[in-house]
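Report on the structure given below.
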Amino acid sequence: LAWEAMRARLARYKEDWGNADAPLGPDVDGDLGRWCKVQRQLRDAGRLATARVDALDLLCFSWVAPSDVDDPTRADWAGMLARLAAYRDEHGDCDVKKKYQRDPALGGWVAAVRRCRSELGAARVAELDQIGFVWQSSRSCGSAWMSSFRELRAFHAVHGHSDVGAVLGD
């Protein structure tokens, strides 16, 4: 019953966003993103029932999270460039969020391209530069850990140490 309720939430997510790849993160339905991650892990471990795999396949669920792209060159390069150019035309830049809800594959691909610049080759780097690719994202990671880390770094800049308890009390 709980599994079916989450599958139904994922189906509604797909209706809203055009894909069944709910990301993890504070900006979105984190419970649904975590559930998707667990389904991927269960399938990888051979512990997700075939009927459930089939139900998720009907939603075109991605068994590899789009934000987990390791090698951007494995994707349809020309197709991804076209999608990036369309994003730029709509948004005025190429600074795509890693967990871009409208096109999770594009967000994951852009993040992978940034990580793998030295492995892309001069021709691909030139193609990206030509359309205005943003090599350093202007976005900050929104995870709870990174938010706390930024707060601690700011505290350290002011106080010269990281012993928050000594200043603010335990």
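Quick look at the values:
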{"quantity": "Sole exception among (1) outside any helix (DSSP H, G or I); (2) touching a residue at least 40 places away in the same chain (Cβ under 8 Å); (3) within 23 Å of Ser138 (Cβ to Cβ) for Tyr100, by number", "calculated": "(2)"}
{"quantity": "Condition met for Leu1 (at pLDDT below 90, open to solvent by 50 Å² or more (accessible area, probe 1.4 Å) and over 19 Å from the mean Cα position of the chain (by Cα))", "calculated": "yes"}
{"quantity": "Residues that are crowded, with 20+ Cβ neighbours inside 10 Å and over 13 Å from Trp77 (Cβ atoms), drawn from region 111-131", "calculated": "Ala111"}
{"quantity": "Failed criterion for Asp170 (all others in (1) over 16 Å from the mean Cα position of the chain (by Cα); (2) at pLDDT below 75; (3) surrounded by 10 or more Cβ atoms within 10 Å (Cβ to Cβ) hold)", "calculated": "(3)"}
{"quantity": "Number of the exception - Ala105 against (1) assigned to a helix (DSSP H, G or I); (2) more than 23 Å from Lys14 (Cβ to Cβ)", "calculated": "(2)"}
{"quantity": "Residue list for region 82-97, filter: closer than 16 Å to Ser137 by Cα and either outside any loop (DSSP other than H, G, I, E, B) or of a type in the set (A, V, I, L, M) (or both)", "calculated": "Leu84, Tyr87, Arg88, His91, Cys94, Val96"}
{"quantity": "Test: residue in region 80-99 that is farther than 30 Å from Gly121 by Cβ, open to solvent by less than 80 Å² (accessible area, probe 1.4 Å) and in contact with a helix residue (DSSP H, G or I) (Cβ under 7 Å, 6 or more places away or on another chain)", "calculated": "no"}
{"quantity": "From Asp68, Asp27, Asp103, residue being crowded, with 18+ Cβ neighbours inside 10 Å and either at pLDDT 95 or above or under 12 Å from the mean Cα position of the chain (by Cα) (or both)", "calculated": "Asp103"}
{"quantity": "Conditions (1) touching a Ser or Thr at 6+ places or on another chain (Cβ under 8 Å); (2) open to solvent by less than 50 Å² (accessible area, probe 1.4 Å): number failed by Leu152", "calculated": "(2)"}
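The values are calculated or read from the model by the stated rules, or taken from the named source; none is laboratory data. Just so we're clear, the structure is a prediction, and the values are computed from it rather than from any experiment. We place every Cβ from the backbone using ideal geometry, glycine too, and count neighbours over all the protein chains shown. Quick note on the areas: whole protein, heavy atoms, side chains included, nothing else; ligands and nucleic acids left out. Shrake-Rupley method; radii C 1.70, N 1.55, O 1.52, S 1.80 Å.
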